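Trainee: Pasting a structure below so you can have a look.
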Amino acid sequence: VIEPYSSTAVLPFDPHGWLHHVNERNLRRIIQTYVPTTIVELGAWLGETTRFLAREAPKGATVYAVDHFLGGPDIAHIPEVPPRLPTLYQQFISNIRHSGLCDRIVPVRMDTQEAARALGPTPDLVYMDACMFESSFLPDVKAWWARLADGGVLCGDDWLFFPDVPRVLGQLQDELGLVVHNDDNFWWCDPKRGPQEARA
Ligand SMILES: C[S@@+](CC[C@H](N)C(=O)[O-])C[C@H]1O[C@@H](n2cnc3c(N)ncnc32)[C@H](O)[C@@H]1O
(Lines give C-alpha, C1' and ligand atoms only; values in the text may rest on other atoms or scores of the structure.)
Protein backbone atom coordinates (compact mmCIF):
# COMPACT_ATOMS: atom_id res chain seq x y z
CA VAL A 1 0.00 0.00 0.00
CA ILE A 2 1.33 3.41 -0.99
CA GLU A 3 1.35 6.67 0.98
CA PRO A 4 -0.63 8.38 2.41
CA TYR A 5 -2.59 5.18 2.87
CA SER A 6 0.17 3.08 4.39
CA SER A 7 0.87 5.28 7.40
CA THR A 8 -2.75 5.76 8.48
CA ALA A 9 -4.24 3.50 11.18
CA VAL A 10 -7.25 1.83 9.58
CA LEU A 11 -10.73 2.30 11.07
CA PRO A 12 -13.68 -0.04 10.30
CA PHE A 13 -15.52 0.85 7.05
CA ASP A 14 -18.10 3.65 7.36
CA PRO A 15 -20.48 3.69 4.38
CA HIS A 16 -21.98 7.12 5.13
CA GLY A 17 -22.18 9.45 2.11
CA TRP A 18 -24.19 11.31 -0.49
CA LEU A 19 -24.33 9.36 -3.74
CA HIS A 20 -27.83 9.27 -5.17
CA HIS A 21 -28.69 6.72 -7.86
CA VAL A 22 -29.49 9.60 -10.26
CA ASN A 23 -25.92 10.85 -9.81
CA GLU A 24 -24.60 7.31 -10.36
CA ARG A 25 -26.54 6.99 -13.59
CA ASN A 26 -25.37 10.35 -14.93
CA LEU A 27 -21.75 9.97 -13.85
CA ARG A 28 -21.65 6.54 -15.51
CA ARG A 29 -23.09 8.01 -18.71
CA ILE A 30 -20.57 10.88 -18.71
CA ILE A 31 -17.64 8.52 -18.07
CA GLN A 32 -18.75 6.14 -20.82
CA THR A 33 -19.26 9.01 -23.27
CA TYR A 34 -16.12 11.07 -22.64
CA VAL A 35 -13.74 8.46 -21.12
CA PRO A 36 -12.00 10.86 -18.70
CA THR A 37 -8.64 9.78 -17.26
CA THR A 38 -7.97 12.69 -14.86
CA ILE A 39 -10.99 13.11 -12.61
CA VAL A 40 -11.33 15.65 -9.80
CA GLU A 41 -13.98 15.41 -7.12
CA LEU A 42 -14.48 18.55 -5.03
CA GLY A 43 -15.83 17.54 -1.63
CA ALA A 44 -15.15 13.87 -1.01
CA TRP A 45 -16.41 13.36 2.58
CA LEU A 46 -15.99 9.60 3.24
CA GLY A 47 -15.42 8.74 -0.39
CA GLU A 48 -18.70 7.21 -1.52
CA THR A 49 -18.70 9.07 -4.86
CA THR A 50 -14.90 8.91 -5.03
CA ARG A 51 -15.03 5.11 -4.98
CA PHE A 52 -17.81 5.03 -7.54
CA LEU A 53 -15.83 7.30 -9.89
CA ALA A 54 -12.69 5.18 -9.44
CA ARG A 55 -14.59 1.98 -10.22
CA GLU A 56 -16.33 3.41 -13.27
CA ALA A 57 -13.31 5.23 -14.72
CA PRO A 58 -11.24 3.64 -17.48
CA LYS A 59 -8.15 1.59 -16.61
CA GLY A 60 -5.22 3.84 -15.71
CA ALA A 61 -7.44 6.78 -14.71
CA THR A 62 -6.82 8.73 -11.49
CA VAL A 63 -9.39 10.33 -9.21
CA TYR A 64 -8.15 13.32 -7.20
CA ALA A 65 -10.32 13.67 -4.10
CA VAL A 66 -10.11 17.31 -3.01
CA ASP A 67 -11.35 18.00 0.52
CA HIS A 68 -10.00 19.88 3.51
CA PHE A 69 -11.82 17.24 5.60
CA LEU A 70 -13.24 19.91 7.90
CA GLY A 71 -16.91 19.70 6.91
CA GLY A 72 -18.68 22.87 5.82
CA PRO A 73 -21.31 25.44 6.80
CA ASP A 74 -23.86 23.98 4.37
CA ILE A 75 -23.84 20.53 6.03
CA ALA A 76 -23.12 21.49 9.65
CA HIS A 77 -26.79 21.09 10.67
CA ILE A 78 -27.04 17.48 9.45
CA PRO A 79 -27.00 15.16 12.51
CA GLU A 80 -24.69 12.61 10.86
CA VAL A 81 -21.99 15.26 10.22
CA PRO A 82 -20.57 16.59 13.56
CA PRO A 83 -19.72 13.18 15.11
CA ARG A 84 -17.67 12.26 12.01
CA LEU A 85 -15.57 15.43 11.77
CA PRO A 86 -12.84 14.54 14.30
CA THR A 87 -11.80 11.46 12.25
CA LEU A 88 -12.98 12.51 8.78
CA TYR A 89 -9.63 12.26 7.00
CA GLN A 90 -8.61 9.04 8.75
CA GLN A 91 -11.99 7.51 7.94
CA PHE A 92 -11.73 8.58 4.28
CA ILE A 93 -8.29 6.97 4.02
CA SER A 94 -9.60 3.85 5.80
CA ASN A 95 -12.60 3.55 3.47
CA ILE A 96 -10.38 3.74 0.38
CA ARG A 97 -8.11 1.07 1.87
CA HIS A 98 -11.10 -1.21 2.49
CA SER A 99 -12.22 -0.68 -1.12
CA GLY A 100 -8.84 -1.67 -2.57
CA LEU A 101 -8.73 1.44 -4.77
CA CYS A 102 -5.64 3.10 -3.26
CA ASP A 103 -3.78 3.07 -6.58
CA ARG A 104 -6.57 4.99 -8.34
CA ILE A 105 -7.51 7.62 -5.73
CA VAL A 106 -5.23 10.47 -4.65
CA PRO A 107 -6.41 12.38 -1.58
CA VAL A 108 -5.78 16.12 -1.94
CA ARG A 109 -6.20 17.52 1.58
CA MET A 110 -6.70 21.14 0.63
CA ASP A 111 -9.30 23.84 0.30
CA THR A 112 -10.90 23.72 -3.15
CA GLN A 113 -9.40 27.12 -4.10
CA GLU A 114 -5.93 26.14 -2.92
CA ALA A 115 -6.19 22.90 -4.90
CA ALA A 116 -7.23 24.80 -8.05
CA ARG A 117 -3.88 26.57 -7.83
CA ALA A 118 -1.75 23.68 -6.54
CA LEU A 119 -2.88 20.57 -8.44
CA GLY A 120 -0.59 19.74 -11.34
CA PRO A 121 -2.63 17.47 -13.64
CA THR A 122 -5.35 18.98 -15.87
CA PRO A 123 -8.75 17.40 -15.16
CA ASP A 124 -11.00 16.19 -17.94
CA LEU A 125 -13.89 15.62 -15.52
CA VAL A 126 -14.69 17.73 -12.44
CA TYR A 127 -17.51 16.70 -10.09
CA MET A 128 -18.50 19.51 -7.71
CA ASP A 129 -19.81 18.53 -4.28
CA ALA A 130 -17.95 20.76 -1.77
CA CYS A 131 -19.63 23.79 -0.18
CA MET A 132 -22.68 24.72 -2.26
CA PHE A 133 -23.18 28.22 -0.85
CA GLU A 134 -22.53 30.99 -3.38
CA SER A 135 -19.49 32.34 -1.47
CA SER A 136 -17.67 29.04 -2.19
CA PHE A 137 -19.53 27.65 -5.15
CA LEU A 138 -19.12 30.70 -7.42
CA PRO A 139 -15.33 30.96 -7.09
CA ASP A 140 -15.09 27.16 -7.40
CA VAL A 141 -16.99 27.11 -10.70
CA LYS A 142 -14.76 29.88 -12.07
CA ALA A 143 -11.48 28.34 -10.86
CA TRP A 144 -12.26 24.78 -11.93
CA TRP A 145 -13.77 25.75 -15.28
CA ALA A 146 -10.48 27.53 -15.95
CA ARG A 147 -8.56 24.40 -14.92
CA LEU A 148 -10.67 22.01 -17.01
CA ALA A 149 -9.16 20.57 -20.20
CA ASP A 150 -10.70 21.50 -23.56
CA GLY A 151 -13.38 18.86 -24.16
CA GLY A 152 -13.65 18.28 -20.40
CA VAL A 153 -16.91 18.14 -18.47
CA LEU A 154 -17.93 20.07 -15.34
CA CYS A 155 -20.78 18.54 -13.32
CA GLY A 156 -22.04 18.35 -9.78
CA ASP A 157 -24.65 17.72 -7.13
CA ASP A 158 -27.40 19.78 -5.46
CA TRP A 159 -29.23 21.44 -8.37
CA LEU A 160 -32.43 21.13 -6.36
CA PHE A 161 -31.18 21.14 -2.75
CA PHE A 162 -29.18 24.39 -2.88
CA PRO A 163 -30.78 27.33 -4.74
CA ASP A 164 -27.34 28.97 -5.11
CA VAL A 165 -26.32 26.17 -7.50
CA PRO A 166 -28.70 26.88 -10.43
CA ARG A 167 -28.49 30.62 -9.72
CA VAL A 168 -24.68 30.79 -9.87
CA LEU A 169 -24.52 28.56 -12.95
CA GLY A 170 -27.11 30.77 -14.64
CA GLN A 171 -25.21 33.89 -13.64
CA LEU A 172 -21.92 32.57 -15.08
CA GLN A 173 -23.37 31.00 -18.20
CA ASP A 174 -22.62 33.89 -20.57
CA GLU A 175 -19.25 34.80 -19.06
CA LEU A 176 -17.92 31.23 -19.21
CA GLY A 177 -20.00 29.92 -22.12
CA LEU A 178 -21.70 27.28 -19.99
CA VAL A 179 -24.53 25.18 -21.38
CA VAL A 180 -26.05 23.59 -18.28
CA HIS A 181 -28.46 20.65 -17.96
CA ASN A 182 -29.91 18.84 -14.99
CA ASP A 183 -31.50 15.52 -14.15
CA ASP A 184 -33.17 15.82 -10.78
CA ASN A 185 -30.47 16.97 -8.34
CA PHE A 186 -27.54 16.26 -10.70
CA TRP A 187 -26.29 18.90 -13.18
CA TRP A 188 -23.67 18.96 -15.92
CA CYS A 189 -22.32 21.32 -18.58
CA ASP A 190 -21.65 20.60 -22.23
CA PRO A 191 -17.93 19.89 -22.78
CA LYS A 192 -15.65 22.91 -22.58
CA ARG A 193 -14.82 24.20 -26.03
CA GLY A 194 -11.29 25.24 -26.96
CA PRO A 195 -10.55 28.86 -27.92
CA GLN A 196 -10.86 28.10 -31.66
CA GLU A 197 -14.20 26.31 -31.33
CA ALA A 198 -15.49 29.06 -29.04
CA ARG A 199 -14.72 31.69 -31.71
CA ALA A 200 -16.34 29.67 -34.49
C1 LIG B 1 -21.65 16.83 1.01
S2 LIG B 1 -19.99 16.45 1.41
C3 LIG B 1 -19.41 15.58 -0.03
C4 LIG B 1 -20.11 14.26 -0.24
C5 LIG B 1 -19.36 13.28 -1.10
N6 LIG B 1 -19.17 13.77 -2.46
C7 LIG B 1 -20.02 11.92 -1.10
O8 LIG B 1 -20.03 11.26 -2.15
O9 LIG B 1 -20.51 11.46 -0.07
C10 LIG B 1 -19.13 17.99 1.27
C11 LIG B 1 -17.64 17.91 1.55
O12 LIG B 1 -17.04 19.12 1.10
C13 LIG B 1 -15.98 19.46 1.96
N14 LIG B 1 -15.76 20.90 1.80
C15 LIG B 1 -16.63 21.92 2.06
N16 LIG B 1 -16.08 23.10 1.76
C17 LIG B 1 -14.83 22.84 1.29
C18 LIG B 1 -13.76 23.65 0.81
N19 LIG B 1 -13.89 24.99 0.75
N20 LIG B 1 -12.61 23.06 0.42
C21 LIG B 1 -12.49 21.70 0.48
N22 LIG B 1 -13.47 20.88 0.92
C23 LIG B 1 -14.62 21.44 1.32
C24 LIG B 1 -16.43 19.02 3.33
O25 LIG B 1 -15.33 18.79 4.18
C26 LIG B 1 -17.24 17.76 3.02
O27 LIG B 1 -16.46 16.61 3.18
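The values are calculated or read from the model by the stated rules, or taken from the named source; none is laboratory data. Predicted model only: the values in this text are computed from it and were never measured. Every residue, glycine as well, gets a Cβ built from its backbone with ideal geometry; the counts of neighbours run over all protein chains shown. All accessible areas refer to the heavy atoms of the entire protein, side chains included, with ligands and DNA or RNA removed. Shrake-Rupley method; radii C 1.70, N 1.55, O 1.52, S 1.80 Å.
Trainee: Quickly estimate the mean residue ellipticity at 222 nm for the chain, helices only: each DSSP H run with n ≥ 4 gives -39500 (n - 2.57), and the total goes over all residues, rounded to 500.
Mentor: -11000 deg cm²/dmol
Trainee: Would you mind getting the accessible area per residue of region 46-200, heavy atoms of the protein chains only, 1.4 Å probe, in Å²?
Mentor: Computed with neighbouring chains in place, this is 45 Å² per residue.
Trainee: Can you work out D for region 1-113 in µm² s⁻¹ from Stokes-Einstein, where Rh is the Kirkwood radius over C-alpha pairs, the temperature is 20 °C and the viscosity is 1.002 mPa s?
Mentor: In µm²/s, the coefficient is 148.
Trainee: Using Cα centres only, tell me the gap between region 134-200 and region 58-114 in whole Å.
Mentor: 23
Trainee: In terms of the ratio Rg/(2.2 N^0.38 Å) built on C-alpha atoms, what value belongs to the chain?
Mentor: 0.98
Trainee: Taking 8 Å as the Cα distance limit and 6 or more residues as the minimum spacing, I'd like the relative contact order of region 154-200 as a percentage.
Mentor: Once normalised by length, the contact order is 42 percent.
Trainee: Moving on. Between Gln173 and Met110, what FRET efficiency follows from the Cβ-Cβ distance if R0 is 41 Å, with the result rounded to 0.05?
Mentor: With a Förster radius of 41 Å, E is 0.90.
Trainee: Taking a ≥ b ≥ c as the square roots of the eigenvalues of the Cα gyration tensor of region 69-134, is the shape rounded (a/c under 1.5), prolate (a/b larger than b/c) or oblate?
Mentor: Cα axes put region 69-134 in the oblate bin.
Trainee: In addition: Among bridges DSSP assigns within the chain, what percent are antiparallel (round to 5)?
Mentor: Restricted to the chain, the bridges split so that about 25 percent are antiparallel.
Trainee: Give me the one-decimal nm value for the distance between modelled label points at Ala146 and Ser7, 7 Å along each residue's Cα-to-Cβ direction.
Mentor: Distance between label points: 3.2 nm.
Trainee: Next question. Carbon and sulfur: what percent of the chain's accessible surface (1.4 Å probe)?
Mentor: Accessible surface attributable to carbon and sulfur in the chain totals 53 percent.
Trainee: While we're on this one: Specify whether the C-alpha gyration tensor of region 111-200 places it in the rounded, prolate or oblate class, a ≥ b ≥ c being the square roots of the eigenvalues: rounded for a/c under 1.5, otherwise prolate if a/b is larger than b/c and oblate if not.
Mentor: It is oblate, given that a/c is not under 1.5 and a/b is not larger than b/c.
Trainee: Would you mind calculating the relative contact order of the chain from Cα pairs under 8 angstrom and at least 6 residues apart, reporting the percent as a whole number?
Mentor: For the chain, the relative contact order is 22 percent.
Trainee: If you take the square roots of the eigenvalues of the alpha-carbon gyration tensor of region 1-56 and sort them as a ≥ b ≥ c, do you get rounded (a/c under 1.5), prolate (a/b over b/c) or oblate?
Mentor: Oblate.
Trainee: Comparing Tyr127, Tyr64, Tyr34, which has the greatest mean-square fluctuation in the GNM of the chain with Cα pairs linked when under 10 Å apart?
Mentor: Tyr34
Trainee: Taking the chain as a Gaussian network, Cα atoms linked when under 10 Å apart, which of Val153, Val81, Val141 shows the biggest mean-square fluctuation?
Mentor: Fluctuation is largest for Val81.
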